[in-house]
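The values are calculated or read from the model by the stated rules, or taken from the named source; none is laboratory data. Computed from a prediction, not measured in an experiment: that's the story for all the values here. Counting neighbours? That spans all protein chains shown, and the Cβs are built from the backbone with ideal geometry, glycine included.
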Amino acid sequence: MSVIVALRKENRIVMAADTLTSFGESEHMPQDNASSPKIGRIGDSLIGGAGWAVYDDILNDYLATRPTPELNSSRKIFSFFLEFWKALREQYTFVNDQAATTNTPFSDIDSTFLIANEGGIFTVASDLGVTPLKQYYSIGSGSEYAIGVLYTLYPRTDDIATIATDAVNAAIAMNLQCGGRVDLLELSV
């Protein structure tokens, strides 16, 4: 499982995540044996995904054969993920098309994403809904703890790297599905 946070303040953006590697619900690998980076860069954007880890491999494979997408608006992000969803059905046929609940008319990619760049912070839900955010957000296991830290510390300091690290550390401390060390990426806009 994962916790990923993104913050934006003035001309700086940071994204942070835990690095816990797990197999199934309870098999956790020791940090010195396995560590999963859960955040990265796509062009001028920071991106992190929470959900099935295989989506990182699929997304990297998909991006390797295409021009770097612009992900700086809700419309562009939705268009990109719509094309990605189509590729999941056509090229990555081992991915099941299933919805999280039977009460929805939408497919489910079984993963959520957080994107941060000059255009803002955006979350992409498992049903491909894109939500723009202005200051901060968190996704994944433990995100409720991280959001509490973000809400509390954001107005108190301009040191967003420390805020992001504290938010991820809170999730690691309070949620058994989060762990490892904190990875942090920064972007100047």
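Some observations on this one:
- Count of residues meeting criterion [over 13 Å from Asp166 (Cα atoms) and part of a strand (DSSP E or B)] in region 2-16: 4
- Residues located in region 70-81, provided they are under 14 Å from Gly119 (Cα atoms) and out of contact with any strand residue (DSSP E or B) (no Cβ under 7 Å at 6 or more places or on another chain): Glu70, Ser73, Arg75, Lys76
- Test result for Asp183, at pLDDT 90 or above, assigned to a strand (DSSP E or B) and among the acidic types (Asp, Glu): yes
- The single residue among Ser45, Ser74 that is touching a residue at least 60 places away in the same chain (Cβ under 8 Å) and polar (S, T, N, Q) turns out to be Ser45.
- Residue ID - farthest from Ser111 (Cα to Cα), chosen from residues in region 130-161 that are out of contact with any Leu (no Cβ under 8 Å at 6 or more places or on another chain) and polar (S, T, N, Q): Thr157
- Some residue of region 150-161 being touching a residue at least 60 places away in the same chain (Cβ under 8 Å), assigned to a helix (DSSP H, G or I) and of a type in the set (S, T, N, Q): no
- Pairing residues of region 166-184 that are free of Cβ contacts under 8 Å to residues at least 40 places away in the same chain with residues that are surrounded by fewer than 23 Cβ atoms within 10 Å (Cβ to Cβ) and β-branched (Val, Ile, Thr), at Cβ distances under 6 Å and at least 6 apart in sequence or on separate chains, gives Asp166/Val149; Ala170/Val149.
- Checking Gly120, Gly142, Gly180 one by one, the residue that is at positive phi and touching a helix residue (DSSP H, G or I) at 6+ places or on another chain (Cβ under 7 Å) is Gly142 and no other.
- Looking only at region 40-86, and only at residues there that are aromatic (Phe, Trp, Tyr) and assigned to a helix (DSSP H, G or I), the one that is nearest to Ser111 (Cα to Cα): Tyr55
- Tally, over region 118-132, of residues that are part of a loop (DSSP other than H, G, I, E, B) and hydrophobic (A, V, I, L, M, F, W, C): 2
- Residue list for region 152-165, restricted to those being buried (at least 18 other Cβ atoms within 10 Å of the Cβ) and more than 22 Å from Ser22 (Cα to Cα): Leu153, Ile160, Ile163, Ala164
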